[in-house]
Each structure stands twice: as C-alpha cells, then as structure tokens.
1. Which FRET efficiency value, to the nearest 0.05, do you get for His137 and Leu70 by plugging their Cβ-Cβ distance into 1/(1 + (r/R0)^6) with R0 = 41 Å?
2. Could you size up the charge dipole of the chain around its Cα centre, putting +1 on the beta carbon of Lys and Arg and -1 on that of Asp and Glu, and report it in debye to the nearest 20?
3. Rounded to the nearest 10 Å², what accessible area does Met133 show when all protein chains are kept and the probe is 1.4 Å?
4. Taking the Cβ-Cβ separation of Gln243 and Asp56 as r and a Förster radius of 25 Å, what is the calculated FRET efficiency to the nearest 0.05?
5. Over all directions, how big on average is the projection of the convex hull of the alpha-carbon atoms in region 84-228, in square nanometres?
6. Which FRET efficiency value, to the nearest 0.05, do you get for Ser128 and Ala154 by plugging their Cβ-Cβ distance into 1/(1 + (r/R0)^6) with R0 = 35 Å?
7. Long-range amide H contacts for Val80: which residues qualify at under 5 Å (H placed 1.01 Å from N, peptide plane, sequence gap of 5 or more or a different chain)?
8. Which value results for Rg/Rh of region 65-116 when Rg is the Cα radius of gyration and Rh the Kirkwood radius based on the inverse mean 1/r?
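The values are calculated or read from the model by the stated rules, or taken from the named source; none is laboratory data. Computed from a prediction, not measured in an experiment: that's the story for all the values here. Here the Cβ is made from the backbone with ideal geometry for all residues, glycine too, and neighbour counts use every protein chain on show. Remember, those area values only see protein heavy atoms, side chains included, never the ligands or the DNA or RNA. Shrake-Rupley method; radii C 1.70, N 1.55, O 1.52, S 1.80 Å.
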Amino acid sequence: MLAKTLARAVDCSVSRIQFTPDLLPSDITGVSAYVPETREFEFKPGPVFANIVLGDEINRAPAKTQAALLECMEERQVTVDGKTYQLEPPFMVIATQNPLEMEGTYSLPEAQRDRLMARVSVGYPTTSAELGMLDIHIDSASSPLERLVPVANAAEVRALTHAVRGVYLSEPVRQYAVNLVAATRTHPGLRLGASPRATLHLVRACRAYAALDGRDYVIPDDVQTLAVPVLAHRLFPTARAEQVLADLVNVVPLPKQRRP
C-alpha cells in the first residue's frame, strides 16, 4: 500500500515482486526469449523495470535471487546475457522482511543490506489509526488509492533529487559523519562495522532531511537523527546495533562549527 500510494502521488510506475524460495533471478530482471517469427531473441523486461519496486518478504528468497537486485540498486541498470539496460529514474526499491525467527526465511546478505538506505520498523498502528483503517475498508466500496491524485511527476522528482545535491555540507559536518561511521568499525560490540557506502547514504539522507526541514545546509543534529535508521541494519553486532549506535552518537565529538 505504501509503494502504490507513493507511486500514484508522483505519477510513476510501480511493480511488486513476491519473494519466494523458488523465485529465480530472471523472474526479477527479465529474460531473453526466442521469437520464432523473427528467429531472434527478444528481451522481456522483468518487474524491476519500474520507478518504484516493492520487494515483498524479501528474505523469503535465497541469497542468489536477492543478488539480482544488487546491480539495479547500485548502478540503476540491469545486465542480461551480456547486454545492459538502463532503469528510468526515479528508481526506488522498497522491501519488507519477516522476522528471522519465522519459518522459511533467509538472512539478507551483507551486500544487500548495504544497498538499502534505511530500515524503518513500522510496528502496529495506534488505536485511532486502526479504527480509521476499519472505516475505510468496511464502509467504503472502493480502495483508498482510487481517490488519490498525483501531486508531482517523475520529472519533478528528478529535479528535486538534483536540488538536494546542492544542500550545503560543511567540512566539519562531513568529518563528523565519517568519524561516526568509522567508529562502528572499531567498536567491541560489533563484529562488522559500516562500509564507505554507508557514509554516502548517511550524507545523502542528511541532505534530503535538511531540505525537508526547509534548510539549505546540514547540521550535526541531522546526522544524529538519521544515524540509527541509516546505519543499524548494516551492522553485525554482538549486542543490539541500535544501542551500539546510540552509545557512539553520545561519545563521538560533535563538530564545533554547527552552521555554515
């Protein structure tokens, strides 16, 4: 519902991939099929060729199938039979996963975790929100999505993405972000710290967060706010990753220069 709502709001295409143990990589990226009439192979695009891709229960598929998303998420392209196909921007992957304690689940590979910018725990709705959900689905004959109208388009989203890149990031704040990520690599409570890609994602998220807050510059508070959702899922802890990051946020010195 979140993926479909977001796609309709920005007038973009959306596709859904149901991850199962028997899902093949070609079921995601597409396959070259032989056409008897032309006696040639024709590429049949998979569901990844959309602006917003929902990977439902992504950890129900083994690592080999999950790996089909690695090139898509990092390079915004798909390579099949030696030929590369570009994905049209904006491109975004939203994934859901089941708790590892549930039967038939696999751990997400490190490379897959590292390509997901942030992890958010949705949890249960409030009582009022759950009552509102019942009102919508019981009393209405139509889906709530049918009443949504686009408020933007793909071109505007691309322009906003370009504008966010211009949000000012001072040298002290850059150094602070690097120091915070580097501290995860030496913390005794972690078996594996965050990668350089995590630093890039943290900085990009901070720029977007600052823009949404009406600022054209990033402050250290942005880094602290986003440290847990952007970094926690990338770590392999001996304790709770969230608690380790909270400790690091408290001990890594803040930069003296807080504004440009």
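1. After rounding to 0.05, the efficiency reads 0.65.
2. 1000
3. Solvent-accessible area, nearest 10 Å²: 90 Å².
4. It comes out at approximately 0.30.
5. Reported value for the Cα convex hull: 13.8 nm².
6. E between Ser128 and Ala154, to the nearest 0.05, is 0.55.
7. Amide H to amide H, under 5 Å and 5 or more residues apart or across chains, Val80 pairs with Tyr85.
8. Result for region 65-116 is an Rg/Rh of 1.04.
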